[in-house]
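Okay, so here's the structure we're looking at.
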Amino acid sequence: MSQSDDTSGSNGYVGNDAVPPRVHLYEYLMVFARYRKVFLTIVLGGSLLFAAYLVVAKQTFTATATLLPPDKSEGVSLSSLMQSSSKLDFKALSENSSAETFVRILQSRTLADSLITRFNLLKRYEIPAGDRELAIDQVLGDFSISSDRQGFIDISYNVKTGLFPSDAEQRDAAQLSAKIVNNSIELLDKMNQQKSVSRARRSREFIGKMKVIKRAELDSVQMEMLRFQQRNKAIALDKQIGASVEGLSDLQVQIQKTELLLSAAEQELNSETPQVQSLRNQLAELKAQKSRLEGGLAGGEALGIPLRGVPDLMRQLADLKLRLEVATQIYTYLEAQYNQEQIQEARELPTVSVMDYANPPIRRSAPRRTVMMFIVVAALVVFATVVIFLLEAYRKSWADLDKGKRLQLRQVMGRRSKERSTTDIS
């Protein structure tokens, strides 16, 4: 049996029918015992180094405020109609659009720039004045703003300390975080007021122009109605038509009665008798009155309505009344909206409702030392276990080499080290 066969047999493998050797828990414990110093050095040393880092690391303080859902009951005004869209947005049906507007304002570069100026954040972030855009990005990155479907808005801001932070520096960072959040709410209210006032001003100016146009249209229709009444003597057309019809009916009855009397008189009396002549004159007068009444010339002031033209007059009057009513309603609506936009433009009521203002946080939000320490220790244990088993595998593979191969490997390594030293000297 050769030496290689002995080696393979010692490892528990016999040809193709080799059976893997059993590994007992005792052998694993022996590995940990053999390399316990390496294991403890990695775990304890790494833990101590990370603990030291946590002590000197920068600390983050986060202040949070909560806003109530914005009031959506603004009423129906022309400015709100001008801002509305004709497209149906299914996403907007499940979200509070006013809250989304507030979130967009809080995330705007204008608000961030105002905070930089107000708190001199360029100096705190150690950013040159020429790199103001970088400071704006830094401020926006430290903000955390979110809203839910009910419209509640949460505003948070992170402020970091320097390395080796003192108690005073930690208090300053906590207070600055709360101040920035509360000032951002104040700026949000001012910017939203300016938006509302600007929108109301534009709407008021537009309504003012439309008022002038619609007032001219109303005056034109009123003058046309006046000329129609003067031309047709239609002061109260319905009543005048009723009176004319009633008078015409009475005249027609009298004419028919007079004709009957005249017929009876002509049969009994001579046509030249005074009674017959009187009835004839009376009949002629009644017919003349009927003609005048039908022509609208009845009465001393000629205030009657020509009955022949009644359908056309009624149509013209209905058209004028419709135009006058529409012009009056439009002008009245514009007048009311104009006054409403004037009030909206002049008012300075708060537009943001705060449920919880930001207070300086008592504890830091990062780093979370306990959680981070637990994670790091677990990672170090895993890493140290891998290292010691790699060392054990290397030890076993070195021990399995025969003396000739180990001697040959040492000679090769020694020769290469001599060649490198000679090359360095030359």
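The values are calculated or read from the model by the stated rules, or taken from the named source; none is laboratory data. Values in this document were obtained by computation on a predicted structure and should not be read as measured data. Cβ sites come from the backbone with ideal geometry, for glycine too, and all protein chains shown count toward neighbours.
Within the stretch 24-44, can one find any residue that is out of contact with any Gly (no Cβ under 9 Å at 6 or more places or on another chain), modelled with pLDDT under 80, exposed (fewer than 14 other Cβ atoms within 10 Å of the Cβ) and not in a helix (DSSP H, G or I)?
yes
For the stretch 357-395, which positions are of a type in the set (Phe, Trp, Tyr), assigned to a helix (DSSP H, G or I) and surrounded by 11 or more Cβ atoms within 10 Å (Cβ to Cβ)?
374, 383, 389
Residue by residue through the stretch 151-189, note down the ones that are surrounded by fewer than 17 Cβ atoms within 10 Å (Cβ to Cβ) and within 19 Å of the chain's Cα centre (by Cα).
Correct list: 152, 154, 186.
This table checks each residue for (1) out of contact with any Gly (no Cβ under 9 Å at 6 or more places or on another chain); (2) at pLDDT 50 or above; (3) not assigned by TED's automatic domain parsing to the domain that holds residue 155.
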| site | (1), (2), (3) |
| --- | --- |
| 69 | no, yes, no |
| 78 | yes, yes, no |
| 81 | yes, no, no |
| 98 | no, yes, no |
| 104 | yes, yes, no |
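Could you list, ordered by first residue, the pairs with Cβ atoms under 7 Å in which the first is in the stretch 205-217 and under 14 Å from residue 336 (Cα atoms) and the second is of a type in the set (A, V, I, L, M, F, W, C), at least 6 apart or interchain?
Between residues of the stretch 205-217 that are under 14 Å from residue 336 (Cα atoms) and residues that are of a type in the set (A, V, I, L, M, F, W, C), the close pairs are 207/78; 207/334; 210/334; 211/334; 214/327; 214/330; 214/334.
If I filter the stretch 131-144 for residues that are assigned to a strand (DSSP E or B) and within 30 Å of the chain's Cα centre (by Cα), do I get at least one hit?
yes
Within the group 215, 231, which residue is of a type in the set (D, E, K, R), more than 30 Å from residue 111 (Cα to Cα) and modelled with pLDDT of 85 or more?
Of 215, 231, the one residue that is of a type in the set (D, E, K, R), more than 30 Å from residue 111 (Cα to Cα) and modelled with pLDDT of 85 or more is 215.
If you scan the stretch 152-199, which residues turn out to be among the polar types (S, T, N, Q) and outside any helix (DSSP H, G or I)?
Answer for the stretch 152-199, where residues must be among the polar types (S, T, N, Q) and outside any helix (DSSP H, G or I): 156, 158, 161, 166.
With respect to residue 126, determine if the residue is outside the structural domain of residue 336 (by TED's automatic domain parsing), assigned to a loop (DSSP other than H, G, I, E, B) and at pLDDT 55 or above.
So residue 126 passes the test.
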